[in-house]
Amino acid sequence: MAARDKHGVDAPWSAGFQVVGRPSRKIDGLAKAVGHAVYADDITLPGMLHTKFLRSPHPHAKIRSIDTSKALALDGVHAVITGECMPIKYGVIPWTPDENALATDKVRFIGDEVAAVAAIDEDTANAALELIDVDYEVLHAFLDPDEALTRQDPQIHEQSEANKKKRGHRGNVSKHVDLEFGDVDAALDAADVLIEDEYTFHGTTHAAIEPHCALAQASPDGLLTVWSSTQITHYVHRALARVLEIDASQIRVIQPCLGGAFGGKSDPFALEFVVAKLALLTGRPVKCLWTREEVFYAHRGRHPMQMRYRTGAKKDGRLTGVDAKILIDGGSYSSFGLVTTYYSGQLLTGPYDFPAYRFDSTRVFTNKPPCGPKRGHGSVQPRFAFEVQLDQVAEKLDLDPIEIRRINFQGENTQTVNGQRITSNGFMECLDEVERASRWKERRGKLPRGRGLGVAGSMYITGTNYPVYPNKLPQAGIQLQADRSGLVTVFTGGNDIGQGSNSIARAIVAEELGLDPMSVRVVAADTDLCPVDLGAYSSRVTFMVGNATIDAARKLRKLIVSAVAEAWEIEEKRVFMARGEVFDLESRNRRITTREAFHLAEERYDTLGTTGAYNTPTLGGDYRGGTIGASPAYSFTAHVVEASVDEETGRITVENCWIAHDCGRALNPMLVAGQMEGSAYMGIAEAVMEEHAVNRFGLHAGPSLLDYRIPTSVDTPELHALIVESLDPEGPYGAKEAGEGPLHPSIPAISNAVFDAVGIRLTHLPFTPGKVLAALRAQRSKNLATPVGTGGA
């Protein structure tokens, strides 16, 4: 029997896929390859001015006064603004608005924005910055999260007594979450084996190739247009309206082509507000392109975390309970920090069954560049700690590390200990795939000293149940327009940041309407033209925009099929659309082109167009914070890493990484494999190369791509993408995310591979040669101290 959807239309998989499931190039791939793609900095408007920022030289100081008169008098300068021009605070999370476009009363990190100049060119703007006089009162700077936790004054963000009482925060605490599910102490007491250890995750940043850029123009009739290299067009639109005190209907935000983001462009940033304000003040277009150094100071990268875990298990390897205490260094502002604090605990409860679980996470402010969401937001750090500790449990019990993960598999169509609904779950297949591909059974523990294999697993959200600001409106919307030429245009607010979401929208429409993908165009991320979409974060776009696109396409298909059936005087179930044609399933000689079918439908129903939407079902546990981390579907991943250790230099070389990822259904296997490999590459880079740090004065240790090391093609291991399809019941054609989940296991898998290679446990990131050599020295000292015949490491 043919599958039918809620509109009564035959589902495309009832007759086999024509487009979905086949590898195809990105919709913008050719334009990018030949240099035709237009990025924000490529846009130049007549009379355009350029903006530069004056930034704080102090990590923490009060602003006593700012004198901009000399800068304003410089030839070629059109405007100078300070914080008093935009006093309203903003924040991507509506409960924590603690940022100003320009500092008003104090600065909170070296690089904090203080003033901005609009001039005829960048050189003139930079010269004007030298003429601005700022009088600071330097304050004590918090550069250690432990000190920020224990010392309350001076506060980085002054909190009213009412706010302290309401939120339970004090001093420099940004957010504290303490949740327990089951009796953890009893569960750990009942364990045959209890492992307790400490782990640290350093700060890392996104290093997207394209720096942040924004351009604003105010039209004579009052419309403000902002082009921005953002991944959250809708939230930028809302924030601009709030801070500039302009009705949102008078603001248009457009995202041009984007040169990478990875979470680093999912906040509203100072440059978007500043160019908008300056355009309004000067009446001329204003552009700001941040330098690479400025991007490092804007940051919003991975939160450093100090983590202590206790894990109990029975002799057979089955876990009894997990207990975590986490200190999170949030940097100078909140950003997504409220969510980060929850994610640090909420997203650990799969793919393994936790009978009892507790996490106590505290995020503190420090006088460093602000942290935020980076690929795998909030859960990469705890996943590193737990997956290493799980290997420690396996070692203690003399169990194969893959086998202990199988023993604790939570299954599918179940619920986690913290109330998250699990639908499809292909984790066991992921373990099988990496075990087979790496030849784990033949090689693990049997390679020459200095070379080893390590495994790790993970779970990640496919979109979040909870919109950033509370509302019951759709989280994703789509509009389709069918033209008489046979072309269909998709209007989506979704942000394509290089992951290929526009390509997926095109593929879905082509699949549903039986079109050649070249007959589908996509207009995206323009708040004037496109329905609202919440942005490219939390791996939500394929799932949510995909479902909305299917909804709209099937409504359009229903109209076309109905019109054709009426014209042919047959039942609708006999009308099928494929390969650019519409034909009668019972009389294949009766066929017309899709263009002709569009004409029939327009004659019958007037101008052809439909809309579609998606919203998540009600999800999450019934407790404060229970919806944070709840997702309509979860992806699952397993990695095996092969690494070698040079015991003379301490250098770790990752030779191979096998990545098995349950993506539900691979709508475009080429894009899925690219996301899997890119995720693993980023995780490997964080483990052995990257570090975003400040020195003892609060100055960034190396804000350039010369000093901040990322792997080149020479440094990149062989990456083996192994796609696992579990067909989620709620995903578009069964699809789930593939852009963030595959990052998580690579980091702990490297640590576990190093243990297999040379017998040392690396629990503090990054895995520098110095740390490796220190661990090897400690190992040798321990072996020398062990009497003969008593064993040793």
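The values are calculated or read from the model by the stated rules, or taken from the named source; none is laboratory data. All of these numbers come straight from a predicted model, not from anything done at the bench. Here the Cβ is made from the backbone with ideal geometry for all residues, glycine too, and neighbour counts use every protein chain on show. Heavy atoms of the whole protein, side chains included, go into the accessibility calculation; ligands, DNA and RNA do not. Shrake-Rupley method; radii C 1.70, N 1.55, O 1.52, S 1.80 Å.
A few notes on this one:
- Residue list for region 278-322, filter: among the basic types (K, R), farther than 30 Å from D146 by Cβ and touching a strand residue (DSSP E or B) at 6+ places or on another chain (Cβ under 6 Å): R284, K287
- Residue list for region 477-493, restricted to those being farther than 18 Å from Y605 by Cβ and either in a strand (DSSP E or B) or within 14 Å of the chain's Cα centre (by Cα) (or both): G477, I478, V490, F491, T492
- Residue check, P748 within 23 Å of the chain's Cα centre (by Cα) and open to solvent by 10 Å² or more (accessible area, probe 1.4 Å): no
- Here L706 fulfils each of the conditions (1) more than 24 Å from the chain's Cα centre (by Cα); (2) of a type in the set (A, V, I, L, M); (3) modelled with pLDDT of 95 or more; (4) not in a helix (DSSP H, G or I) apart from (3).
- Those residues of region 248-263 which are open to solvent by 10 Å² or more (accessible area, probe 1.4 Å) and under 15 Å from G494 (Cβ atoms), in sequence order: I254, Q255, P256, C257
- Residues within region 264-284 that are part of a loop (DSSP other than H, G, I, E, B) and open to solvent by less than 10 Å² (accessible area, probe 1.4 Å), tallied: 6
- Strands (runs of 3 or more DSSP E) wholly inside region 148-247 that include at least 3 residues being farther than 24 Å from K265 by Cα and either among the small types (G, A, S) or open to solvent by 20 Å² or more (accessible area, probe 1.4 Å) (or both): 173-181, 193-201
- Qualifying residue in region 771-786 (condition: more than 25 Å from R651 (Cβ to Cβ) and assigned to a loop (DSSP other than H, G, I, E, B)): yes
- Test for A613: is it open to solvent by less than 10 Å² (accessible area, probe 1.4 Å) and either in contact (Cβ under 8 Å) with a residue 12 or more places away in the chain or part of a loop (DSSP other than H, G, I, E, B) (or both): no
- Residue count, region 117-147 (criterion: in contact with a Ser or Thr (Cβ under 9 Å, 6 or more places away or on another chain) and closer than 14 Å to G76 by Cα): 7
- When restricted to residues that are more than 26 Å from K441 (Cα to Cα) and part of a helix (DSSP H, G or I), region 624-678 contains 7.
- Hey, A324 open to solvent by less than 20 Å² (accessible area, probe 1.4 Å) and in a strand (DSSP E or B) or not: yes
- Selection of region 641-659 for residues being within 27 Å of the chain's Cα centre (by Cα), open to solvent by 40 Å² or more (accessible area, probe 1.4 Å) and acidic (D, E) yields only E655.
- Restricting the first member to region 174-200 and to residues that are within 18 Å of Q381 (Cβ to Cβ), and the second to residues that are surrounded by fewer than 17 Cβ atoms within 10 Å (Cβ to Cβ) and basic (K, R), the beta-carbon pairs closer than 6 Å and six or more apart or on different chains are E198/R308.
- Hey, D662 crowded, with 18+ Cβ neighbours inside 10 Å and either farther than 24 Å from E435 by Cα or touching a Gly at 6+ places or on another chain (Cβ under 8 Å) (or both) or not: yes
- Screening G792, G770 for residues that are in contact with a Ser or Thr (Cβ under 6 Å, 6 or more places away or on another chain), within 28 Å of Q392 (Cα to Cα) and either of a type outside the set (D, E) or at pLDDT below 95 (or both) leaves exactly one candidate, G792.
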